[in-house]
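Here is the structure we will look at.
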Ligand SMILES: Nc1ncnc2c1ncn2[C@@H]1O[C@H](COP(=O)(O)OP(=O)(O)OP(=O)(O)O)[C@@H](O)[C@H]1O
Ligand SMILES: [Mg+2]
């Protein structure tokens, strides 16, 4: 549904929504504000994320992309104060009494720098499962194989599952971290610039992986690379100074943006 351009303060904004078919919406933020100390870092970010789609978050450095992303699975709890609603499957997960570990199991995260644990590839993937009491080796083996295949890195690591994950290349390590995130069966996958440490070949492989994964997952990805956002995502949000300025189908954001600021940014005439 095309919503009107909202005028808030001095800024024009255009925010797409799926209110004509709410069953499509897996996550949504409503009236969310993020404060670092007394400083309001984010506001005006009412966004809905569509199931089995890839949504890119783009915008200049410091515009709040990571702040927004980390709020979605309560990763900001220790560093920021987050108010407002964060709906996951219709439930507000930004309220007291919510089990944040459960939230993070359902809404997995992959960070900018691949951060494998100093353990074997196998143990990286099974760590969280074992901690939750899964000991059946056959089951664990199965999950390791399935998730590494989903992350498109099985062929490269299947003969070194018991070697340290610290010796993997950046691209392999990033995909092992994706497999690790998938092992606990999340529904949403948050990725913060997952390709920034990767070479072009690994980047293309990662994008291919994400395209495959969107059949089973809802993916939200922060990227600085506008070609990547344009190639990969179904929907794109443009952030500026802590506000979502424009949210629409990716094609429209890049070819016919509705807000001047977005146009300036995507055409490289920004600032
Ligand atoms: N832990 C923190 N404590 C205080 N301020 C923070 C913290 N993290 C981020 N900020 C501030 O919040 C604003 C948004 O930062 P954020 O990291 O979300 O931007 P970003 O869009 O992800 O930038 P980049 O593209 O450089 O990663 C910035 O002004 C930043 O300085
Ligand atoms: Mg960031």
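Computed quantities for the displayed model
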read-out	value
Among the residues listed as 197, 165, 229, the single one being buried (at least 23 other Cβ atoms within 10 Å of the Cβ) and within 16 Å of ligand 2 (Cβ to nearest atom)	229
Filter result (within 12 Å of ligand 1 (Cβ to nearest atom) and part of a strand (DSSP E or B)) within segment 27-81	34, 35, 36, 39, 40, 41, 42, 57, 58, 81
Pair list, Cβ < 6 Å and 6+ apart or interchain, from segment 109-123 residues that are under 14 Å from residue 168 (Cα atoms) to residues that are part of a loop (DSSP other than H, G, I, E, B) and within 15 Å of ligand 1 (Cβ to nearest atom)	113/197
When residues of segment 54-81 are limited to those that are touching a residue at least 40 places away in the same chain (Cβ under 8 Å) and more than 16 Å from ligand 2 (Cβ to nearest atom), the one farthest from residue 187 (Cα to Cα)	81
Odd one out for residue 47, checked against (1) within 18 Å of residue 219 (Cα to Cα); (2) touching a helix residue (DSSP H, G or I) at 6+ places or on another chain (Cβ under 9 Å); (3) within 16 Å of ligand 2 (Cβ to nearest atom); (4) at pLDDT 95 or above	(3)
Filtered residue count, segment 101-129, keeping only those that are under 18 Å from residue 26 (Cβ atoms) and away from ligand 2 (no atom under 16 Å from the Cβ)	7
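Quick grid of which residues meet (1) in a helix (DSSP H, G or I); (2) out of contact with any strand residue (DSSP E or B) (no Cβ under 7 Å at 6 or more places or on another chain); (3) buried (at least 17 other Cβ atoms within 10 Å of the Cβ):
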site	(1), (2), (3)
86	no, no, yes
94	no, no, yes
102	yes, yes, no
116	no, yes, yes
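The values are calculated or read from the model by the stated rules, or taken from the named source; none is laboratory data. Since the structure is predicted, the reported quantities are computational estimates derived from the model, not experimental observations. Note that each Cβ is placed from the backbone with ideal geometry, even for glycine, and that neighbours are counted across all protein chains shown.
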